[in-house]
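The values are calculated or read from the model by the stated rules, or taken from the named source; none is laboratory data. Small disclaimer: the values here were computed from a predicted structure and weren't measured. For neighbour counting, all protein chains shown are included, and Cβ atoms are generated from backbone atoms with ideal geometry for every residue, glycine included. In case anyone asks, the SASA skips ligands and DNA or RNA and just uses the protein heavy atoms, side chains included. Shrake-Rupley method; radii C 1.70, N 1.55, O 1.52, S 1.80 Å.
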Amino acid sequence: MRKIYSDRNKLVYLDHAATTPVSAEVLKAMSPYFGKYFGNPSEPHQWGQQAKTAIEQAREKVAHFLGAKTSEILFTSGATEAINLAHKGLIENQKLPHIITSSIEHKAVLETCKHLEKLGWAKVNYLPVDKDGLVKIDDLEKTIRPETILVSIMYVNNEMGAIQPIVQIGQLLKKINAKRKQKIYFHTDATQAIQYLDCRVTELGVDLLSLSGHKFYAPKGVGVLYFKKGTPLVRQQDGGEQESRLRAGTENVPYIVGLGKAIELVQKNKVSSAKYVEKLRDKLMAGVLQIPGVKLVGDFKKNAPHIATFLVKGAEGEAMMLLLSDKGVAASSGSACTSGLLEPSHVLLAMGYQPEEAHGSLRFSLGKDNTEEEIDEVIKVLPTIVQKLRRMAPKL
Ligand SMILES: Cc1ncc(COP(=O)(O)O)c(C=O)c1O
């Protein structure tokens, strides 16, 4: 087994797109709901009502952040559940509906769509992306059919940070919807966008939007689905009457409270956090790009400020990630090690990279607590790691 402790005492965490730690303020807000206020929110007694009030206060914070109504906010166990509910819940009562999504979505969207296709419940088109990882509005427009019911395009890509033209897609669909009987609903997976981009649903023109708490300093296992009033959703988890009968099961009160606090903090600090991580990202980029044979994925000017993904010639992503981990640095590689085979990232392949290039991908994702000294540390250790792996690589 690999050692799990690094050689260094000081750790540098640069994997915030994978998950963030629960912040101290969030933990403090949650803590009474594990103890003193433990009631079941469905119970009318005071214990239950305390818990219910806390959920409704969190719902108000989320609604305020998204510019939505409280009745349009559902709490879920995370973005994956929100995405499943948005897609499956929307198509359930439709006759062979058509969905349009992109080829670079998170697996939560791609696997949901594939499952619906496999069951014969929906037809799906997966839009290509350009070299910067962006879908083209023209491609989307051409793909729309009379039976199209859902367009699902992520806001920010989790592997390389490209920001999709959500506002323009929303405007296009509004124009098209004005002329047709079957409305096309618009979902965006805003999981990676929430901390730094405008997520007000009216500005975006979306009907459905999903979020995950653990990407913005709330715990893992809690998320949100925004659904615009009138969106015909059928619940996918049957049982009790919770969450306006759209998501059965006793609510995770402490985590919902934590998510509410975390979204309040995002709202307060959004502009300054975006500027801060962007400055660190630019410093990191300048340093890493000094290594010969390294290039940045996508156009950083069109990307979210917290993600920088590099392709390193002659070094394997997973190996770089593990050697960085030994040096106390957390990064991520786009390759997924499934069944002993390293699969190149579907996102990089969709952007037109060859599998051998895609194997050399390394993603750094920044957060509010990172410092310039940490970036200096990464810039110091990475060249040696790359050299070492290049020396070890078989000469063809
Ligand atoms: C873009 C995106 N969508 C969806 C998810 C899934 O979120 P969750 O872990 O809450 O199910 C993630 C998490 O990695 C993500 O980055």
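Against the definition (open to solvent by less than 60 Å² (accessible area, probe 1.4 Å) and either outside the structural domain of residue 350 (by TED's automatic domain parsing) or touching a Ser or Thr at 6+ places or on another chain (Cβ under 9 Å) (or both)), how does residue 288 come out, yes or no? No: the conditions fail for residue 288. Of the residues contained in the range 26-40, one or more are found to be open to solvent by less than 70 Å² (accessible area, probe 1.4 Å) and more than 15 Å from residue 258 (Cα to Cα). Once the range 333-348 is narrowed to residues that are hydrophobic (A, V, I, L, M, F, W, C) and modelled with pLDDT of 70 or more, the residue that is most open to solvent (accessible area, probe 1.4 Å) is 342. Confirm whether residue 82 is part of a loop (DSSP other than H, G, I, E, B) and buried (at least 22 other Cβ atoms within 10 Å of the Cβ). No; evaluated as a whole, the condition is false for this residue.
Among residues of the range 90-111 that are surrounded by 21 or more Cβ atoms within 10 Å (Cβ to Cβ), none has a Cβ under 9 angstrom from a residue that is at pLDDT below 95 and part of a strand (DSSP E or B) at a sequence gap of 6+ or on a separate chain.
Taking strands (runs of 3 or more DSSP E) as the structural unit, those lying wholly within the range 133-246 and holding at least 2 residues that are outside the structural domain of residue 279 (by TED's automatic domain parsing) and within 13 Å of the ligand (Cβ to nearest atom) correspond to 185-189, 208-212, 223-227.
Here 101, 112 are screened, and the one residue that is within 16 Å of the ligand (Cβ to nearest atom), more than 22 Å from residue 176 (Cα to Cα) and of a type in the set (Val, Ile, Thr) is 112. If you go through the range 348-369 and keep only what is in contact with a His (Cβ under 8 Å, 6 or more places away or on another chain) and assigned to a loop (DSSP other than H, G, I, E, B), you end up with 366, 367. Tell me whether the range 298-309 contains one or more residues that are touching a helix residue (DSSP H, G or I) at 6+ places or on another chain (Cβ under 6 Å) and either surrounded by fewer than 21 Cβ atoms within 10 Å (Cβ to Cβ) or among the hydroxyl-bearing types (Ser, Thr, Tyr) (or both). No; the residues of the range 298-309 include none that is touching a helix residue (DSSP H, G or I) at 6+ places or on another chain (Cβ under 6 Å) and either surrounded by fewer than 21 Cβ atoms within 10 Å (Cβ to Cβ) or among the hydroxyl-bearing types (Ser, Thr, Tyr) (or both).
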